[in-house]
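K.L.:
One structure coming up, written as structure tokens, with questions to follow.
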Amino acid sequence: MESRRVTKTLEDQGMVERQVREIYDFFYSIPPNSQSVVLELQRDKHFDYLTRGLRKLGPSFSVLDANRPWISYWTLHSLALLGESIDAKLENDAIDFLTRCQDKDGGYGGGPGQMPHLATTYAAVNSLITLGSPKALSSINREKLYTFLLRMKDTSGGFRMHDGGEVDVRACYTAISVANILNIVDDELIHGVGNYILSCQTYEGGIAGEPGAEAHGGYTFCGLAAMILINEVNRLDLPRLIDWVVFRQGVEGGFQGRTNKLVDGCYSFWQGAVAFLIQRLNLVVHEQLGLSNDLGTESADDSSESELSDEEEHLEGTSSHVEETCPLGQEGQENASDTTKKADIGYEFINRPIAMRPLFDSMYLQQYVLLCSQIDGGFRDKPGKGRDHYHTCYCLSGLSIAQYSWTNEADDPPLHRDVFGPYSRNLLEQIHPLFNVELDRYYEARKFFSGL
Amino acid sequence: MDSGKEKRTRIPFKERPDWADVKPVPQDDGPCPVVPIAYTEDFSETLDYFRAIYIADERSPRALQLTAEAIQLNPGNYTVWQFRRVVLESLGVDLHEELKFVDRIAGENTKNYQIWHHRRWLAEKLGADAVTTELEFTKKIFSEDAKNYHAWSHRQWVLQALGGWEDELAYCQQLLGDDIYNNSAWNQRYFVVTRSPLLGGLAAMRELEVNYTVQAIRASPENESPWRYLRGLYKNDTQSLVEDSQVASVLLDVLTSKNSHVHALSLLLDLLCHGFEPSQELKSAVDVLTPQSCSPDLALTKRVCSILEHADPMRVKYWNWRKSTVPVQSAQCQNTDRLANLSM
Ligand SMILES: [Zn+2]
């Protein structure tokens, strides 16, 4: 009975549930046509909020003065998801500004004159890819960026955020993500990364920021995406990871970041994308479950399964072969063709058919984002909190993930029934889930950087 | 924001005689920057002077003082922090004083990466001296925010790098006594049990830990944390989990109670997939919970999935998928153990 005592966790959770219930009770009490209005994506208001921030931020943003490429990315990516383009003047100004953040020895800092940092490098590169013009893409000094990435490598196998900075899974992801999307990845860069990330998968199934720490949505996305990008995802315990992530969706419909923590709109992306990435990993998951490929296809969509190409099977086969012959590391196992594949794994991955249905409740997630996180211009963590650019970016990214989670192939539009609220008004652009950039922009960048 | 007000008496650098020789370097934002911040005058001026000494690599007492002012204005500026470390090393400053400085900044910024990284750097320099201060400092943070991610990472680093394991299990016990739902405290408990050099490792601790965990489960079966912890105690050794009579007995108790059954059913499903032979009582308990729509001929594992589909509609798609992967899932046993072993 002592256990029934209302602890801090239960008290906080109860408060959030009451606030969310109030919102949902109201929503269910109104007639369908009013519901439809309440569910609308407030495009114009979001557009205003975002474009205003691009041109002017108040003094309170001084605490984000070392994160300006992040503010650019959160804003530009949000606009791209809304299907908005920005005018040529603004685009030029953005390229000019980001170029001033680029260090002469490679990488991008949090503002002009600041040290290069992996996280702001990721944000700057993704911003420029989102801008998308040849001018934007060619403003990135890839040779220097590569030497910066190598300089950030730590003896643990992970990456350091900046000279003298911290080593964690976030650093691994941001380094691997930019190296992949800019086509500058090689074995030296990847060496040991898989071991480091593997050491961060916890007994709960999710991935922590550092070995020993608690499983966490942000780091689980970073770790899983990085493992996919270096073609070592089969080394993670995926059944346990799946079990952990599906339990992070709470009674509110949104995701929490960790076990017994509160729901937060930004995890719509971090956790939602983990669930979404899993849908393209069915071959590895089935292998880990001891299911043969034939049996594995039984549960999934027939139409998509029959289209599995030889190339994919070969790829999976290659990785399991590596696993068997060299269990503790990948060194010396790759030949030239593996390296080529690694560089383009982002493309191969997005073009795999989605062979597994979503294992999370995609409609309920959309409901949380639209009714609890959306406010008049921008998105927030939860009711009672204020909006910001970070939550706007990741609520929209998560909403996009949820809308496209039932499609069978990249580039397929979602069905009406899979989009919550008025379809044409609410449907967002699609993202590449490994990099979180809008999909068409990703294709453009890939073409540009692979010289196709 | 408050620090801006308390600085009303601040004398601008340009009026300070000891800074007269320095030419400030304005930020190179360009003619029409995006995401421009309307800095206060104090902010701009401080950073202009910072750029000047940073570019000149001036490692002086006044440079140290300047970094303190810049950090107060924006504790997220990693360049300033990094330069401060360079200056501290060059000047050979007493690092206990530095710790006090970080304490003052940390108060309002407990979720800032830079402060914790700086603290780790300091503790590393101070060595064994820092154990008590760092363990006490993180405790103070946890008294207000018991799940602070950075603080837990810091504490784990201190324990591993500098020691201080003696009271850690008792501390976890205390935090879980305050809030049995605190998953960070469960995670720390796992960290201690598996990594403390004083306890003999997971194998030596398992029985005691299973007792504790099973008790926690009986007290609040809807609490996910101990269920995951219980599985963790048998990581790499699923066979022992399957054979543990305490586990079977807590499953039976929970499934025959009026509590939430989701976590118990989920564990039962995992056990069944690994060759668990349920007792007649446990089978009957599952029978009672089986929805009428469900064919009684259905294999037990599949029936458990069906119950879960009803009991946990949020995850109906997951339980449905589990059902579809059940038939050959006994092979998972060897496979996941193999994977787990690889990660050691
Ligand atoms: Zn958030």
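The values are calculated or read from the model by the stated rules, or taken from the named source; none is laboratory data. Note that the structure is a prediction, hence the values are computed from the model and not measured. Here the Cβ is made from the backbone with ideal geometry for all residues, glycine too, and neighbour counts use every protein chain on show. When the accessible area is computed, the model is the full protein with side chains, heavy atoms only, and any ligands, DNA or RNA have been set aside. Shrake-Rupley method; radii C 1.70, N 1.55, O 1.52, S 1.80 Å.
K.L.:
In nanometres, what is the gap between the two model label sites at B:Lys14 and A:Arg5, each 7 Å from Cα along Cα-to-Cβ?
P.N.:
6.0 nm
K.L.:
Hey, can you grab everything whose amide H is under 5 Å from the amide H of A:Val437? Only 5+ residues off in sequence or another chain; H modelled, so Pro and N-termini drop out.
P.N.:
A:His432
K.L.:
Roughly how many Å² of A:Tyr442 are accessible to a 1.4 Å probe, to the nearest 10?
P.N.:
Accessible area, nearest 10 Å²: 10 Å².
K.L.:
Okay, next question. For segment A:399-452, what does the convex hull of the Cα positions come to per residue, in cubic angstrom? Working shown, then result.
P.N.:
Working: hull volume 4.5 nm³, N = 54.
Per-residue hull volume (Cα only) is 83 Å³.
K.L.:
Okay, moving on. For B:Ser293 paired with B:Asn109, estimate the spin-label separation in nm (one decimal), with each label point 7 Å from Cα along the Cα-to-Cβ line.
P.N.:
Roughly 5.6 nm, to one decimal.
K.L.:
Modelling each spin label as a point 7 Å along the Cα-to-Cβ direction, I'd like the B:Ser279/B:Glu58 distance in nm, to one decimal.
P.N.:
My value for the distance between the label points is 7.8 nm.
K.L.:
Please report, in debye to the nearest 20, how large the charge dipole of segment B:144-274 is about its Cα centre when each Lys and Arg carries +1 at its beta carbon and each Asp and Glu carries -1 there. Provide the component values of the computation, followed by the final result.
P.N.:
Values: 10 positive and 16 negative charges, 47 e Å.
For segment B:144-274, the charge dipole is close to 220 debye.
K.L.:
Pairwise over distinct Cα atoms, reciprocal of the mean inverse distance: report the Kirkwood radius of segment A:87-191 in Å, one decimal place. Write down the numbers at each step before the final one.
P.N.:
Numbers: mean 1/r = 0.0735 Å⁻¹.
One over the average 1/r among Cα pairs gives 13.6 Å for segment A:87-191.
K.L.:
Right, something else. All other residues with a Cβ under 11 Å from the Cβ of A:Leu439 taken together, and with Lys, Arg as +1 and Asp, Glu as -1, what is their net charge? Don't skip to the end; give the middle numbers.
P.N.:
Working: positive: A:Arg441, A:Arg446; negative: A:Asp411, A:Glu429, A:Glu438, A:Asp440, A:Glu444.
Counting the neighbours of A:Leu439, the net charge comes to -3.
K.L.:
Averaging the inverse of every distinct alpha carbon separation and then flipping it gives the Kirkwood radius. What is it for segment B:185-309, in angstrom units? Don't skip to the answer; put the middle values down first.
P.N.:
Numbers: mean 1/r = 0.0657 Å⁻¹.
Computed over segment B:185-309, the radius equals 15.2 Å.
K.L.:
For B:Tyr54, what accessible area in Å² do you get when you roll a 1.4 Å probe over the heavy atoms of the protein chains, rounding to the nearest 10?
P.N.:
Accessible area, nearest 10 Å²: 70 Å².
K.L.:
Please report how far the C-alpha centroid of segment A:76-114 lies from that of segment A:152-201, rounded to the nearest whole angstrom.
P.N.:
23 Å
K.L.:
Could I ask something else about it? Which Rg and Dmax, in Å, describe the Cα atoms of chain A?
P.N.:
In Å, with Rg to one decimal and Dmax whole: 21.4, 67.
K.L.:
If you scale each eigenvalue of the Cα gyration tensor by 5 and take the root, what three semi-axes come out for the protein assembly as shown, rounded to whole angstrom and sorted largest first? Walk me through the intermediate numbers first.
P.N.:
Values: eigenvalues 359, 201, 142 Å².
With the √(5λ) rule applied to the protein assembly as shown, the semi-axes are 42, 32, 27 Å.
K.L.:
Mean-square fluctuation check for chain B, GNM, Cα pairs under 10 Å: which of B:Val247, B:Val214, B:Val22 is largest?
P.N.:
B:Val22
K.L.:
Per residue and in cubic angstrom, what volume does the convex hull of the Cα atoms of segment B:193-250 have?
P.N.:
Working: hull volume 4.5 nm³, N = 58.
Taking the convex hull of the Cα positions in segment B:193-250, it is 78 Å³ per residue.
K.L.:
How big is the convex hull of the Cα atoms of segment B:69-171, per residue, in Å³?
P.N.:
On the way: hull volume 9.5 nm³, N = 103.
In segment B:69-171, the Cα hull volume divided by residue count equals 92 Å³.
K.L.:
Probe of 1.4 angstrom, ligands and nucleic acids ignored: what's the accessible area per residue over the protein assembly as shown, in square angstrom? Before the final figure, lay out the partial values.
P.N.:
On the way: 30220 Å² over 796 residues.
Accessible surface, normalised per residue, equals 38 Å².
K.L.:
Moving on. How would A:Glu214, A:Glu429, B:Glu309, A:Glu22 rank on accessible area, largest to smallest, probe 1.4 Å? All intermediate terms of the calculation are to be shown ahead of the outcome.
P.N.:
Values: A:Glu214 10, A:Glu429 70, B:Glu309 35, A:Glu22 135 Å².
The most accessible residue leads, giving A:Glu22, A:Glu429, B:Glu309, A:Glu214.
K.L.:
So what's the angle, to the nearest 10 degrees on a 0 to 90 scale, between helix B:61-73 and the longest Cα principal axis of chain B?
P.N.:
Long axis of B:61-73 versus the principal axis of chain B: about 50 degrees.
K.L.:
Additional query: Output the 0 to 90 degree angle, nearest 10, between the alpha-carbon long axis of helix B:280-289 and the longest principal axis computed from the alpha carbons of chain B.
P.N.:
So the helix axis and the longest Cα principal axis differ by about 70 degrees.
K.L.:
Next up: If I take R0 = 30 Å and measure r between the Cβ atoms of A:Glu188 and A:Asp440 in this structure, what FRET efficiency does the formula 1/(1 + (r/R0)^6) give, to the nearest 0.05? Working shown, then result.
P.N.:
Numbers: r = 32 Å, r/R0 = 1.06.
That pair, A:Glu188 with A:Asp440, gives E of 0.40.
K.L.:
Continuing with this model, one more query. Excluding ligands and nucleic acids, what accessible area in Å² is computed for B:Trp165 using a 1.4 Å probe, to the nearest 10?
P.N.:
20 Å²
K.L.:
Using only the heavy atoms of the protein chains and a 1.4 Å probe, how would B:Tyr234, B:Tyr113 rank by accessible area, largest first?
P.N.:
Details: B:Tyr234 15, B:Tyr113 65 Å².
Descending order: B:Tyr113, B:Tyr234.
K.L.:
Calculate log10 I(q)/I(0) of segment A:191-291 for q = 0.11, 0.16 Å⁻¹, where I(q) comes from the Debye formula with a single equal point scatterer on each Cα and nothing for solvent.
P.N.:
Once normalised to I(0) and log-transformed, intensities are -0.29, -0.61.
K.L.:
Report ³J(HN,Hα) in whole Hz for each residue of segment B:132-137, in order, from the Karplus equation J = 6.51 cos²θ - 1.76 cosθ + 1.60 where θ = phi - 60°; Gly and Pro get x.
P.N.:
5, 4, 6, 5, 5, 4
K.L.:
Oh, and also: Mind listing the Cα extents of segment B:79-129 along all three principal axes, in Å, largest one first?
P.N.:
28, 26, 16
K.L.:
Taking one equal scatterer on every alpha-carbon of segment B:1-155, how large is log10 of I(q)/I(0) by Debye at q = 0.13 1/Å?
P.N.:
-0.68
K.L.:
Among B:Gln246, B:Gln280, B:Gln173, determine the one that fluctuates most according to a GNM of chain B built with springs between C-alpha atoms less than 10 Å apart.
P.N.:
Answer for the Gaussian network model of chain B: B:Gln280.
K.L.:
Could you please put A:Tyr423, B:Tyr229 in sequence from largest to smallest accessible area, using a 1.4 Å probe?
P.N.:
On the way: A:Tyr423 45, B:Tyr229 0 Å².
Result, largest first: A:Tyr423, B:Tyr229.
K.L.:
Using just the C-alpha positions of segment A:133-219 as equal point scatterers, what log10 of I(q)/I(0) does the Debye formula give at each q in 0.11, 0.14 1/Å?
P.N.:
So the normalised log intensities work out to -0.33, -0.51.
K.L.:
Note down, for segment A:218-265, the three equivalent ellipsoid semi-axes (square root of 5 times each alpha carbon gyration tensor eigenvalue), biggest first, whole angstrom.
P.N.:
Working through the eigenvalues yields semi-axes of 23, 11, 7 Å.
K.L.:
Can you give the average number of partner chain beta-carbon atoms within 10 Å of each beta-carbon in peptide A:107-115, as a whole number? Mind dumping the intermediate values first?
P.N.:
Details: counts 0, 0, 2, 5, 9, 7, 11, 9, 8.
Average per residue, whole number: 6.
K.L.:
Determine Rg/Rh for chain B; Rg is computed over alpha-carbon atoms and Rh is the Kirkwood hydrodynamic estimate from the same atoms.
P.N.:
Working: Rg = 28.2 Å, Rh = 24.6 Å.
Here the Rg-to-Rh quotient is 1.15.
K.L.:
Using the alpha-carbon centroid of each, what span in Å lies between segment B:35-83 and segment A:231-292?
P.N.:
Here the answer is 41 Å between Cα centres.
K.L.:
Still on this structure, please answer the following. Which whole-number percent gives the relative contact order of chain A, counting Cα pairs below 8 Å spaced six or more residues apart? Before the final figure, lay out each step's value.
P.N.:
Working: 715 pairs, mean separation 87.1, N = 452.
With pairs under 8 Å counted, the relative contact order is 19 percent.
K.L.:
Residue by residue, what Karplus-based ³J(HN,Hα) values in Hz, rounded to whole numbers, does segment B:169-181 have, using 6.51, -1.76 and 1.60 with θ = phi - 60° and x for Gly and Pro?
P.N.:
Couplings: 5, 5, 5, 4, 4, 5, 5, 6, x, 5, 8, 5, 8 Hz.
K.L.:
Need the full-extension length gain, A:Leu82 to A:Lys447, defined as separation in residues times 0.36 nm minus the C-alpha distance. One decimal, nm. The partial results should precede the final answer.
P.N.:
Details: separation 365, 0.36 × 365 = 131.40 nm, distance 2.34 nm.
My answer for the length gained is 129.1 nm.
K.L.:
Here is a further query. To two decimal places, what compactness ratio does segment B:117-240 give when its Cα radius of gyration is scaled by 2.2 N^0.38 Å?
P.N.:
Details: Rg = 15.0 Å, N = 124, 2.2 N^0.38 = 13.7 Å.
This ratio for segment B:117-240 stands at 1.09.
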